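Taking it in order: structure first as structure tokens, then the write-up.
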Amino acid sequence: MEARITGVGSYTPERRVTNDELAQTLDTSDEWIRSHTGIRARHIAAPNEAASDLGAIASARALEASGVGPGEIDLILLATSTPDYQGLPSTASVVQDRLGCENAGAMDLVAACTGFVYGLETAHAYTRAGLARHVLVVGAEVYSRIVDWSDRSTCILFGDGAGACVVSAAEGEGRGIVDSVLKSRGSDAESLYRPRGGTRSPLPAGERADRDTYLKMDGRRVYVFAVSVLVDIIRRLLERNNLSIDEVDYIVPHQANMRIIEAAAKRADIPLEKFYTNLQEYANTSAASIPIALDEMNRAELLHPGSTVLTIGFGAGLAYGGNLIRW
């Protein structure tokens, strides 16, 4: 029995914010942002849009593409670090209700930018074990609500969006999720985190949120980590499955920063053309970045039955990992 991706979908908010627009309020410029990150624009959720709103639209599109009805979904796995609510209820449960998936279990996965990679492998395990026939895996993020828009070092990097796929149990044709590697480096957890608002450092009753509730990042440390693990996961998946890079059609990395991808490609001696990127338009959408890219690739007819794809995630935790997929 295989765990095959049978449908993908995505959604990004209508509002598009260019680098030039950010430069009106920040000490930066389009040239500086593009030269340091490769990003040209990002999409920002409307005031009434939460992670579940974005995720529900992307999920509905994935369901339509798969031909699987809402009542046939057995489990919803929603990867997010910007949930609708703080801890409870899960954003997955909100999406489950919105979609009418009355027979589905629902839970959030918190692995930040690697969340979708973790979700795919969890769906793989459930379907291969015979515990689910159809699993909906979603990445939905509204990072515009947790970044400090006065901090040039972080706010320019992020955008909002959602992507989803349906993973279905299917008889063997040599297609589907073949292998995954999931890792974490918790010793560096505070390289990318939100210092206040959780049970470690809660906000006392009546106290207003301050800047410590926004995302904080040690950019240099995260950069070095990301380059090294991107290369490591690619090599692990190739070696474990007796593949050469020539047998891989596309590498779909987490869309964090073009300079990370370029450095990893150079270090691993892999042609940059193997890496699919769309961060120029969407910036870093965390757990949503890989499924948004997969949907874009599918609609552009870059993916065909049997295409070999590596998805690589890395981010807060510091979690990282990858999936080998035969489309």
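Do you know which of the residues in the stretch 92-132 that are of a type in the set (D, E, K, R) and surrounded by fewer than 17 Cβ atoms within 10 Å (Cβ to Cβ) is nearest to ALA169 (Cα to Cα)? Before the answer, list the steps.
Taking the stretch 92-132 and keeping what is of a type in the set (D, E, K, R), we get 97-98, 102, 108, 121, 128.
With surrounded by fewer than 17 Cβ atoms within 10 Å (Cβ to Cβ) added as a condition, the list becomes 97-98, 102, 128.
Numbers: ASP97: 23, ARG98: 24, GLU102: 20, ARG128: 7 Å.
Filtering first and then ranking leaves ARG128.
This table checks each residue for (1) among the charged types (D, E, K, R); (2) more than 23 Å from GLU2 (Cβ to Cβ).
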{"site": "LEU99", "(1), (2)": "no, yes"}
{"site": "LEU109", "(1), (2)": "no, no"}
{"site": "LEU120", "(1), (2)": "no, no"}
{"site": "GLY139", "(1), (2)": "no, no"}
{"site": "ARG145", "(1), (2)": "yes, yes"}
{"site": "SER153", "(1), (2)": "no, yes"}
{"site": "ASP160", "(1), (2)": "yes, yes"}
note = Among strands (runs of 3 or more DSSP E) entirely within the stretch 1-118, at least 1 residues that are in contact with a strand residue (DSSP E or B) (Cβ under 6 Å, 6 or more places away or on another chain) and either free of Cβ contacts under 8 Å to residues at least 24 places away in the same chain or charged (D, E, K, R) (or both) occur in 2-11, 15-18, 41-44, 105-109
ask   = Would you pick out the residues in the stretch 141-174 that are outside any strand (DSSP E or B) and of a type in the set (Asp, Glu)?
value = ASP148, ASP151, GLU171, GLU173
ask   = Could we say that ILE44 is within 25 Å of TYR320 (Cα to Cα), of a type in the set (Val, Ile, Thr) and within 17 Å of the chain's Cα centre (by Cα) here?
value = no
query = Is there any pair with a first residue in the stretch 301-327 that is under 23 Å from GLY219 (Cβ atoms) and a second that is assigned to a loop (DSSP other than H, G, I, E, B) whose Cβ atoms are under 6 Å apart and which are 6 or more apart or on different chains, and what are they?
reply = GLY313/HIS254; PHE314/HIS254; LEU318/ARG185; ALA319/ALA111
key: Failed condition for GLY174, given (1) crowded, with 20+ Cβ neighbours inside 10 Å; (2) more than 19 Å from the chain's Cα centre (by Cα)   = (1)
query = Quick one: is GLU141 in contact (Cβ under 8 Å) with a residue 60 or more places away in the chain, surrounded by 24 or more Cβ atoms within 10 Å (Cβ to Cβ) and not aliphatic (A, V, I, L, M)?
reply = yes
request  = Could you tell me whether the stretch 52-66 includes any residue that is closer than 30 Å to LEU131 by Cβ, out of contact with any Leu (no Cβ under 9 Å at 6 or more places or on another chain) and β-branched (Val, Ile, Thr)?
outcome  = yes
task = Go through the stretch 266-316 and give me each residue that's under 26 Å from ASN19 (Cα atoms) and over 20 Å from the mean Cα position of the chain (by Cα).
result = LEU272, GLU273
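Each reported figure results from applying straightforward, stated rules to the coordinates on display, with no laboratory input. Since the structure is predicted, the reported quantities are computational estimates derived from the model, not experimental observations. Every residue, glycine as well, gets a Cβ built from its backbone with ideal geometry; the counts of neighbours run over all protein chains shown.
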